[in-house]
Amino acid sequence: MKQTLADTAYEKLLDMIGMVYSPEIILESGLKDDINSLSRYLFMKPSKQNDIDSLGLGHLNMIYMALKIVEYEVNRTRELINIMIIEEPEAHIHTHIQRTLFDKLKVTKDYTQIITTTHSTHLAEVSEIRNVNILKSIGSKSISMQPSQGLDEFGKKNLQLKNLTLSDCVERYLDSKRSVLLFSKGVVLVEGDGEEILIPNIIKVALGVSLDELGIGLVNVGSVSFEYIASLFCEERIQRSCAIVTDEDIQIVENNSTLHKAGAEKRGKSRKIKLENLYGKNLWVEPFYAPHTLEVDFALVDERANRDYISKVIELNYVDSDTIDKHKDNIENGTDAACADTVLTLARDMGKGWYATTLSNFIDMEVSVPQYILDAIAFACREVISIDIVFKMIGYSLSCYGEGENLDLKKEIQKAKTQGEKKDSIKKFREECKDNVVTKFLEEVDWHCMGWCE
């Protein structure tokens, strides 16, 4: 039996997005005596509805794409190449359909070249890294960056990959969560759940802007094997700033403590040497080191606010009053070693991710940020930091002071409208509030951006 156009279009929809999400369609013809009016009486509609407009915009877009591909298939010749350009196909389409659609569109490769623009991490997840191009604006022009350019060669030469190719490893690794690095203005790679949860909260509360506002994608590597993902960033591939945040694991707890990790410090030094050897001459990658671990360094950076937050977590997590008193005393009055022992015990008992989540609930404007975190964020956002963003930071920071503090500076901030006035206000703020976390952050911005605000 001869296949109808409706059958062909429906089969193409099945190929593209599968049976679960594909609308069932039929093609009908309403003919009049006037053959010249034939085209007006050809229409398509859902098999269970009277009007195709009752379908969502996403389904209509997919039907259109299916019809165009059928047209290309029917009319293809050896002399012509069909090129389809699809702009942001993820619009109005469910997450699962996004991935299925993009994956199934590969079936058209023999007769149609498909070029897709997207902001969807779900589409990036199922794409082949060798087929990805990233556009970057530089002033009034744009450049195209190829993440796979020379990637496999780098893996063989520098990472000693023999039976694996680095591009294949990266493709498997970039799920929808990690693919954010392909769309970010800057990237921060971290070891685990604690950093992934706590760092964005610390930055937002301390500086008054989120990592998203700074264009930074924070990616949890889930290990200390940063070299695979960091290798994407260089002059040859993705020209974006990539900060690696990792621990030196210097042991601060007593040797007889069950939390003392024999060999951790040695591994930390080895990791530091490896990263320096791999990226020491790479202008786009910079490692930043926590002296101990995030949990410990967050507690030791300040003896007041940060330890108060931790004490509140202790009260929530433990029931026995003697245990609570003991841990709180270590945090509030104990030595650095005792404080570290309690923090690591708490993180172990709760799980680092849950500990970071609970701790984030108590963080307020008084929080102290470990310097290495400020340094990493400053490096990652060095290409996009602007006077307007910094002006928002200092306005937020001044709002944290008491009503009677810095009145003249607050008034000047409120009056500043032009870029020049904002620039002067920022300079005055840095002179008068030298211990402020925003001032410390801007010192690192100056270092990486060569005095951008001078």
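Before moving on, here are some points about what is shown:
- Scattering profile of the stretch 126-228 at q = 0.20, 0.24 Å⁻¹ [log10 I(q)/I(0), Debye over alpha-carbon scatterers]: -1.14, -1.32
- Here's how it looks for ILE86: its modeled amide H is under 5 Å from those of ILE115, THR116, THR117, which are all 5 or more places away or on a different chain.
- Within the accessible area of the chain (1.4 Å probe), percent carbon and sulfur: 49
- Taking only Cα atoms of the chain, radius of gyration then Dmax in Å: 28.1, 97
- Solvent accessible area, Å² - VAL205, 1.4 Å probe, full protein context: 40
- Within the chain: Cβ-based charge dipole about Cα centre, in debye rounded to nearest 20 (Lys, Arg +1; Asp, Glu -1): 1540
- The C-alpha atoms of the chain define a longest principal axis, and helix 193-207 lies at about 70 degrees to it.
- Per residue value of the accessible surface for the chain (all protein chains in place, 1.4 Å probe), Å²: 53
- With all pairs of different C-alpha atoms in the average, the Kirkwood value for the hydrodynamic radius of the stretch 362-428 is 13.5 Å.
- Built amide H within the under 5 Å cut-off of ASP249, gap 5+: HIS292
- For the chain, calculated [θ]222 nm from helices alone, where every DSSP H run of n ≥ 4 adds -39500 (n - 2.57): -14500 deg cm²/dmol
- For LYS312, a cut-off of 30 angstrom between C-alpha atoms picks up these lysines, skipping any fewer than 8 places away in its own chain: LYS204, LYS261, LYS326, LYS328, LYS352, LYS434, LYS440.
- Across the stretch 260-269, computed HN-Hα scalar couplings (Karplus, 6.51 cos²θ - 1.76 cosθ + 1.60, θ = phi - 60°) run 6, 9, 5, x, 5, 5, 5, 5, x, 5 Hz from first to last residue, x flagging Gly and Pro.
- The separation of the stretch 255-277 from the stretch 371-416, counted between C-alpha centres, amounts to 36 Å.
- Net charge, THR358 excluded, C-beta distance under 13 Å - Lys, Arg +1, Asp, Glu -1: -2
- Average projected area [Cα convex hull, the stretch 257-390], square nanometres: 10.1
- For LYS162, net neighbour charge (Lys/Arg +1, Asp/Glu -1) across residues whose Cβ lies under 15 Å away: -1
- Helix axis angle, 336-350 relative to the chain longest principal axis, alpha carbon, degrees: 30
- Neighbour count of at most 16 Cβ within 10 Å plus DSSP loop: longest trypsin sites (Lys or Arg not before Pro)-free window in the chain: 305-416
- Accessible surface of CYS400 - all protein chains present, 1.4 Å probe, nearest 10 Å²: 50
- Farthest toward the positive end of the dipole of the stretch 161-294, out of LEU189, ILE238, HIS292, is the Cα of ILE238, where the dipole comes from beta carbon charges about the Cα centre.
- Each other residue within a Cβ distance under 12 Å of GLY58 adds +1 if Lys or Arg and -1 if Asp or Glu, for a net charge of -2.
- VAL224, VAL132, reordered so the largest accessible area comes first (probe 1.4 Å): VAL224, VAL132
- The order of MET365, MET84 by accessible area, most exposed first and with a 1.4 Å probe, is MET365, MET84.
The values are calculated or read from the model by the stated rules, or taken from the named source; none is laboratory data. None of these values were measured; they are calculated from a predicted model. Positions of Cβ are backbone-derived with ideal geometry, glycine not excepted, and every protein chain shown enters the neighbour counts. Surface areas here come from the heavy atoms of the whole protein model, side chains and all, with no ligands, DNA or RNA. Shrake-Rupley method; radii C 1.70, N 1.55, O 1.52, S 1.80 Å.
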